[in-house]
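Asker: Before I ask anything, here is the structure I am working with.
The values are calculated or read from the model by the stated rules, or taken from the named source; none is laboratory data. Since we're looking at a predicted model, the values are computed, not measured. Heads up, the Cβs are rebuilt from the backbone with ideal geometry, glycines too, and the neighbour counts pull from every protein chain shown. Ligands, DNA and RNA are stripped out before the accessible areas are found, and what is left, the full protein with its side chains, is counted by its heavy atoms. Shrake-Rupley method; radii C 1.70, N 1.55, O 1.52, S 1.80 Å.
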Amino acid sequence: MMKKIGSLNGLLLGIISIFGAFFLEGGSLKALFLIAPIFIVFGGTFAAVIIGFGIDKFSNILKLIKIAYFPESYDLNKLVDDFFRLSIKARKEGLLAIEKELKNLKYKFPQKLTRYIIDGADRETVENLAMLEIKSMQDRHYSNIFIFSKMGGYAPTMGILGTVMALIMTLANAGSDPNILIKNIATAFIATLWGVLSANLLWLPIGDKLKRCHMEEKHMMEMSLEGALALQSGEIPSILKARLISMLPQKQQQEI
């Protein structure tokens, strides 16, 4: 929950800092929110995504933004405790006895690995299946992250494009009403502002958030694999728990 609040607070702080400074210097909403440059930047960025990645990938952008700002939280302490309890039961009653306890494992991946073990899969098979799924997950996540990394590059370019178009209009109207020239120049710089702002406050940070989500899910999967293999080998419960705890950050290790 704190991570979700922190991300939204960071976005809010960025908006307040940038727009607040603009208004403190005498800027106005009318000057900032010009339809033409906003349309060029966002419309052009979205069009580039559709061209480069396809409409199916573009349609997932809102879903990915939601995942970035409201990610699933993995309770790794509970995962350690679950494998510890399973190992105690397995040593007392055998691996088949833990089948009824699978539902207590919170996440699907450790449930799946433990199911393989109960069904008699050997160590190499379990490792291969787990690594295959981790690799597939990583490829899928990195393809989504890449979209936002590219958007972070497209947006400033579209801002420059809007600036060039507005400057062309300014030069084309040279010698006419000064108010028209001033408006065109303002439009030019506002296009650059929206391009750089959207890249650095929206698209690139979302890509970074998705990277963090990926690393957290990958860590959970790696811990699950380690716990499942220790369970399969009949490792002493206290050693299994110590092994999993060693994979946690130092602060969490101290808490446990």
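Asker: Identify all residues within the range 103-123 that are open to solvent by less than 60 Å² (accessible area, probe 1.4 Å), assigned to a helix (DSSP H, G or I) and within 25 Å of Gln252 (Cβ to Cβ); write none if there are none.
Answerer: Phe109, Pro110, Gln111, Leu113, Thr114
Asker: Quick check on the range 158-181: of everything there that is farther than 20 Å from Gly54 by Cα and modelled with pLDDT of 90 or more, which residue is surrounded by the most Cβ atoms within 10 Å (Cβ to Cβ)?
Answerer: Here the answer is Gly159.
Asker: Turning to a different aspect of this structure: Residues to consider are Gly43, Gly54, Gly26; find the one that is among the small types (Gly, Ala, Ser), more than 27 Å from Lys108 (Cβ to Cβ) and at pLDDT below 90.
Answerer: Gly26
Asker: Could you list all residues from the range 42-72 that are surrounded by fewer than 16 Cβ atoms within 10 Å (Cβ to Cβ) and of a type in the set (S, T, N, Q)?
Answerer: Selection gives Ser59, Asn60.
Asker: The conditions are (1) open to solvent by less than 60 Å² (accessible area, probe 1.4 Å); (2) of a type outside the set (Ser, Thr, Tyr); (3) free of Cβ contacts under 8 Å to residues at least 12 places away in the same chain, and Leu229 fails exactly one of them. Which is it?
Answerer: Condition (3) is where Leu229 drops out.
Asker: Being more than 30 Å from Leu204 (Cα to Cα) and either touching a residue at least 12 places away in the same chain (Cβ under 8 Å) or open to solvent by less than 20 Å² (accessible area, probe 1.4 Å) (or both) is the filter here; which residues of the range 124-148 pass it?
Answerer: Those that are more than 30 Å from Leu204 (Cα to Cα) and either touching a residue at least 12 places away in the same chain (Cβ under 8 Å) or open to solvent by less than 20 Å² (accessible area, probe 1.4 Å) (or both): Val126, Glu127, Leu129, Ala130.
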